[in-house]
Amino acid sequence: MNDTISVALPKGRLGEKVYKLFDEIGYGCPEILEDSRKLIFENTENHVRYFWAKPSDVAIYVEHGAADVGVAGLDILLEQEPDIYELLDLGLGKCRMAVAGKKGALSQTDETLRVATKFPNIARRYYSEKSREIEIIKLNGSIELAPIVKLSDVIVDIVETGTTLRENKLEVLETICDISARLIVNKASYRFKTEQIEEMCAKLAQIVIRGGKG
Ligand code: PRP
């Protein structure tokens with residue numbers, strides 16, 4: 001039986017923090033922290049294999065079973081709605097999903113609201129619950145630019161420190177939800193490797209709680 005657990009990590013700063021959690025609970029693979037362009041790392045002694053994936057692609061690897069488990073932001077999960085199980089809130093990568101724009105941008109309630117975003121599904125669901133008519137303008141980054149140059153009335157985007165909004169004279173108008181990184185698992189992997197995955201999740205849960213998360 002293949003008893004190696006493959007883990008898709010989000011490439012970047014969050015992924016490095018997440019790897020440190022896995023290292024702490026006994027799934028270390030020190031080569032992963034070396035400065036290189038390699039994307040796959042395996043530690044056969046610990047029965048673990050890591051992939052560095054683009055953060056927005058982690059859930060795709062997990063849903064298709066190319067990785068058994070992965071770590072993805074709740075923003076990505078809400079946007080993509082992948083067919084996976086969410087096991088644990090890791091309490092990292094905390095930020096919020098918000099509607100932002102210039103002060104007063106939401107005051108004209110009778111007109112179609114032009115919403116620029118990387119998260120069209122989240123935006124569509126949010127406004128459909130409010131029965132507000134909107135037009136989505138899908139962008140890929142630098143979303144804050146849109147209301148400044150009048151491409152949109154507001155944006156739906158991630159706010160972490162608030163610096164990007166502040167430096168562009170924009171503000172949070174409504175908070176949609178809190179976001180953090182989640183441990184996710186492929187459904188078939190969970191069925192066939194239940195014990196190993198439960199053990200990994202329980203150890204992670206212990207250090208996440210010790211780290212001050214309730
Ligand atoms: C994200 C997000 C905001 C910014 C929020 O962008 O889309 O622009 O970070 O962070 P802050 O509140 O701490 O300023 P990212 O850096 O991922 O780049 P992007 O503009 O290419 O999406």
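With each pseudo-label sitting 7 Å past Cα toward Cβ, what's the residue 209-residue 171 distance in nm, one decimal?
Inter-label distance under the simple model: 4.1 nm.
What longest range of the chain stays clear of loop-exposed GluC sites (Glu not before Pro) (DSSP non-H/G/I/E/B, at most 14 other C-beta within 10 angstrom)?
On the way: sites that count: 34, 45, 111, 133, 160.
In the chain, the maximal stretch lacking such sites is 46-110.
How would 89, 110, 83 line up by accessible area, probe 1.4 Å, largest first? Spell out each step's value before the answer.
On the way: 89 50, 110 135, 83 85 Å².
I get 110, 83, 89, largest accessible area first.
Can you tell me what share of the DSSP beta bridges in segment 72-156 is antiparallel? A percent to the nearest 5 is fine.
Values: 3 of 11 bridges.
Restricted to segment 72-156, the bridges split so that about 25 percent are antiparallel.
Percent relative contact order of segment 81-190, based on C-alpha pairs within less than 8 angstrom and at least six residues apart?
48 percent
Using a 7 Å offset from the Cα along the Cα-to-Cβ direction at both residue 94 and residue 24, what is the distance between the two label points in nm, to one decimal?
In this crude spin-label approximation the distance works out to 1.4 nm.
Quick query: amide H of residue 173 versus all other amide H atoms, modeled in the peptide plane; which residues come in under 5 Å with a sequence gap of 5 or more or a different chain?
Long-range HN contacts for residue 173: 99, 100, 101.
Return, ordered by residue number, the residues of segment 53-95 whose backbone nitrogen is under 13 Å from a label point located 7 Å along Cα→Cβ of residue 125.
74-84, by backbone N distance to the label point.
Taking only DSSP H segments of four or more residues, each worth -39500 (n - 2.57), what value at 222 nm results for the chain once the sum is divided by all its residues, to the nearest 500 deg cm²/dmol? Let's see the in-between values first.
Details: 8 runs with 67 residues, N = 214.
That calculation yields -8500 deg cm²/dmol at 222 nm.
So what is the orientation-averaged projected area of the chain, using the convex hull of its C-alpha atoms, in nm²? Please list the in-between numbers first.
On the way: hull surface 52.9 nm².
Taking the Cα atoms of the chain, their convex hull projects to 13.2 nm² on average.
What is the distance in Å between the Cα centres of segment 56-75 and segment 160-203?
Cα centres, segment 56-75 to segment 160-203: 11 Å.
Can you tell me how segment 121-191 classifies by the Cα gyration tensor, rounded, prolate or oblate, using a/c under 1.5 as the rounded cut? All intermediate terms of the calculation are to be shown ahead of the outcome.
Working: a/c = 2.31, a/b = 1.62, b/c = 1.43.
Judged from the Cα gyration tensor, segment 121-191 comes out prolate (a/c at least 1.5, a/b above b/c).
Once you have a ≥ b ≥ c as the square roots of the Cα gyration tensor eigenvalues for segment 174-214, tell me rounded if a/c is under 1.5, and otherwise prolate or oblate according to whether a/b is larger than b/c. Don't jump to the answer; show the numbers that get you there.
Working: a/c = 5.22, a/b = 1.47, b/c = 3.55.
Cα axes put segment 174-214 in the oblate bin.
Evaluate the distance, in nm, between pseudo-label points positioned 7 Å from the Cα of residue 202 and of residue 86 along their respective Cα→Cβ axes.
2.4 nm
At a 1.4 Å probe radius, carbon and sulfur cover how many percent of the accessible area of segment 1-142? Could the numbers behind the result be given before it?
On the way: 3520 of 7720 Å².
Result for segment 1-142: 46 percent of the exposed heavy-atom area is carbon or sulfur.
Quick one: order 78, 145, 165 from most to least accessible surface, probe 1.4 Å. Walk me through the numbers on the way to the answer.
Numbers: 78 55, 145 100, 165 15 Å².
Correct descending sequence by accessible area is 145, 78, 165.
Length gain on complete extension for the stretch residue 17 to residue 132, per 0.36 nm per residue less the alpha carbon to alpha carbon distance?
37.5 nm
In the structure displayed, which of 38/118; 102/187; 38/150; 17/118 lie more than 32 Å apart, Cα to Cα?
Working: 38/118 28 Å; 102/187 43 Å; 38/150 42 Å; 17/118 24 Å.
Beyond 32 Å between Cα atoms: 102/187; 38/150.
What percent do you get for the relative contact order of the chain when only Cα pairs under 8 Å and 6+ apart count?
Details: 396 pairs, mean separation 57.4, N = 214.
Worked out over the chain, it gives 27 percent.
Only loop residues by DSSP count here, and only those with at most 12 other Cβ atoms within 10 Å; note down the trypsin sites (Lys or Arg not before Pro) in segment 83-173 that meet that.
On the way: sites: 94, 96, 102, 103, 114, 118, 124, 125, 130, 132, 138, 150, 166, 169; in loops: 94, 102, 103, 118, 130, 132, 150, 169.
Loop-located and lightly packed - 103, 130, 150, 169.
At a Förster distance of 35 Å, what's the computed FRET efficiency of residue 47 paired with residue 160, Cβ-Cβ distance as r, to 0.05?
On the way: r = 35 Å, r/R0 = 0.99.
It comes to 0.50.
The values are calculated or read from the model by the stated rules, or taken from the named source; none is laboratory data. The structure displayed is predicted, hence computed values, not measured ones. Don't worry about glycine lacking a Cβ; one is built from the backbone with ideal geometry, like all the others, and counts go over all protein chains shown. These accessible areas exclude ligands, DNA and RNA; they are computed on the full protein's heavy atoms, side chains included. Shrake-Rupley method; radii C 1.70, N 1.55, O 1.52, S 1.80 Å.
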